[in-house]
1. Given the conditions (1) among the acidic types (Asp, Glu); (2) modelled with pLDDT of 90 or more; (3) in a loop (DSSP other than H, G, I, E, B), report the number of the one that residue 52 does not fulfil.
2. Can you report the number of residues in the stretch 24-43 which are at pLDDT 90 or above, within 18 Å of residue 98 (Cβ to Cβ) and either among the hydrophobic types (A, V, I, L, M, F, W, C) or buried (at least 19 other Cβ atoms within 10 Å of the Cβ) (or both)?
3. Name the pairs: first residue in the stretch 28-50 and basic (Lys, Arg), second residue in a loop (DSSP other than H, G, I, E, B) and modelled with pLDDT of 90 or more, Cβ to Cβ under 7 Å, at least 6 apart or on different chains?
Amino acid sequence: MRMKEDTDQIETVFYHGTKVDLEIGSLIEPGFSSNYGSQRKAKFVYFSATLDAATWGAELAQGEGRERIYIVEPKGKFEDDPNLTDKKFPGNPTKSYRTREALKVVGEVEEWQGHAPDKLQAMKDHLQRLNEQGIEAIDD
């Protein structure tokens, strides 16, 4: 597992997809109910350097709110997301990360394209099958 020691050395835009309505300057922190799976208390906050991964986050988040993608700034150390990098995509091509520290909301992506309805439904069906097997989508 690779730890990012100094977030200032990585010059990129990071995104967080959700259905939660947040304001610029808000902090997204661990300890709240997860937007996924059994909604247990999250030990990590997840984010990505790709708009596609953040789009999945927004589309798959539980809740009734509007799907949103925020531009975020990690406030501390973070690591590759092992839910994807170790299990599905070696090398982290999705540029997905997690942190035990806060993310600061610094902006919002106002216009973005969601996945095709059939692709989204296929992913939801897959997650439902995992749920029926007792497998959490996010294992932290």
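1. Unmet condition: (3).
2. So the answer is 2.
3. 43/100
The values are calculated or read from the model by the stated rules, or taken from the named source; none is laboratory data. Small disclaimer: the values here were computed from a predicted structure and weren't measured. With ideal geometry, Cβ positions are generated from the backbone for all residues, glycine too; neighbour counts draw on all protein chains shown.
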